[in-house]
Amino acid sequence: MTPPALQDAHLATRRITRLSVAVAVLLIALKAFALGASGSVSILATLADSCLDLIASLATFYAVRWAAAPPDEDHRYGHGKGEALAALVQAGLVFASAVFIGWEGVQRVFEPRPVTAGGWAVGVVALSIAVTGWLVWMQTRALKTSGSMAVAGDRAHYAADIAANVVVLIGVASGAYLNAPGLDAAAGIVVAVWLFWGATGMLKAAADHLLDRAAPESDRQAITQAVLADPRVLGVHGLRTRMSGPMMLIQMHVDLEPTLTLETAHAIVVEAERRVLAHYPAADLLIHADPKGRAEPHTGALAEAAPAPAAPIQPTGEPAADAPPKRRGPWS
């Protein structure tokens, strides 16, 4: 059964992705009209970006639904990585848009064309800024519920569009009212550079997600302290974290008194899981109990790849005095 927190997250992402697609269609219609009236390269730049926005929003629309699908026989960890794949698609489309807009802007620098119907163009860009700002506000609200990486990537893209459209507004106004079409072309180039920079950040975030980058240090500390809140838990080691869409996957080993019965040890572990889930309701946990001082070295492909075992964490939150220096990396 899907936890209520995940159900709320999936519902929020489905709603906001529908809104994102609708806004992209509206902006394309407005900017296509403005381009036909003005011939502005800045309008062309922002129209091309909105067309790619629609493709990216459609990719996000389907990705979040696929990512929300429950685990099946072939995907035991669920489908959450689909959101990172959608973010990769978004980054690729933004890169392509930046190249196209930059090339067109450079050509217009050497072959300036006058901007006509400047009033229509300025009005359309101003309206686009207002509509996009409202969408980003709605996406920010949805992210507080869902934490969706795909929606975060979509929001980052539209937030960059707001700044890009401000530059476009300056370019269109300069070309139409100051008789300086070269400024219009320069504004298009600025938009291209802005998009390229934003796509780089999106690509890095998606790559971190797909390569199972560990959760932030603050989250790992919070998880550890939640487990150690029970004095019967004598230490935590081998903590591993990674993200799968809005869900955090957590694995760890805990040290318990060797004389405890299996039933008592199991009860302690279950209580620890509940404390962690109170802070991270969308998490999936696996906690392995070890007898204090008697645990065999842990083996396996990842254990062999790690340069050294992580320092055991004591109930005080500090590494043991005789533990090796703390190492950073995916084997957190």
Selection within the range 169-218 - open to solvent by 40 Å² or more (accessible area, probe 1.4 Å), at pLDDT 75 or above and more than 22 Å from I101 (Cα to Cα): K204, A205, D208, L210, L211, D212, R213, P216, E217, S218
Selection within the range 208-240 - free of Cβ contacts under 8 Å to residues at least 40 places away in the same chain and over 21 Å from A283 (Cβ atoms): R232
Pair list, Cβ under 7 Å, 6 or more apart: the range 46-73 residue closer than 16 Å to A86 by Cα, other residue in a loop (DSSP other than H, G, I, E, B): V64/S148; W66/H79; A67/H79; A67/G80; A67/G245; A69/H79
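Could you look through the range 223-233, keep only residues that are part of a helix (DSSP H, G or I) and among the hydrophobic types (A, V, I, L, M, F, W, C), and pick out the one that is surrounded by the fewest Cβ atoms within 10 Å (Cβ to Cβ)? Show your work before the answer.
So the first thing to find is which residues in the range 223-233 are part of a helix (DSSP H, G or I), and the list is 223-227.
With among the hydrophobic types (A, V, I, L, M, F, W, C) added as a condition, the list becomes 223, 226-227.
Values: I223: 25, A226: 19, V227: 26.
For the range 223-233, the residue satisfying everything is A226.
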All positions within the range 234-254 that are surrounded by 22 or more Cβ atoms within 10 Å (Cβ to Cβ) and part of a loop (DSSP other than H, G, I, E, B): G245, P246
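Can you work out which of the residues in the range 74-90 that are without any contact (Cβ under 8 Å) to a residue 60 or more places away in the chain and outside any helix (DSSP H, G or I) is least open to solvent (accessible area, probe 1.4 Å)?
H75
Mind listing just one residue for me: the one in the range 107-129 that is among the hydrophobic types (A, V, I, L, M, F, W, C) and open to solvent by 60 Å² or more (accessible area, probe 1.4 Å) and, of those, modelled with the lowest pLDDT?
Looking at residues that are among the hydrophobic types (A, V, I, L, M, F, W, C) and open to solvent by 60 Å² or more (accessible area, probe 1.4 Å), I get W120.
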Residues (touching a helix residue (DSSP H, G or I) at 6+ places or on another chain (Cβ under 8 Å), open to solvent by less than 80 Å² (accessible area, probe 1.4 Å) and part of a helix (DSSP H, G or I)) located in the range 256-290: A272, R275, V276
Tally of residues being within 11 Å of I287 (Cα to Cα) and among the hydrophobic types (A, V, I, L, M, F, W, C) across the range 253-264: 1
Inter-residue pairs, beta-carbon under 9 Å, first over 13 Å from F196 (Cα atoms) and in the range 91-108, second assigned to a helix (DSSP H, G or I) and among the polar types (S, T, N, Q), 6+ apart: G105/S42
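Which of the residues that make up the range 206-222 are among the charged types (D, E, K, R) and assigned to a helix (DSSP H, G or I)?
Answer for the range 206-222, where residues must be among the charged types (D, E, K, R) and assigned to a helix (DSSP H, G or I): D208, E217, D219, R220.
The values are calculated or read from the model by the stated rules, or taken from the named source; none is laboratory data. Everything numeric here is computed off the predicted structure, so don't read it as measured data. All Cβ positions, glycine included, derive from the backbone under ideal geometry; neighbour counts span all protein chains shown. For accessibility, only protein heavy atoms count, side chains too; no ligands or nucleic acids. Shrake-Rupley method; radii C 1.70, N 1.55, O 1.52, S 1.80 Å.
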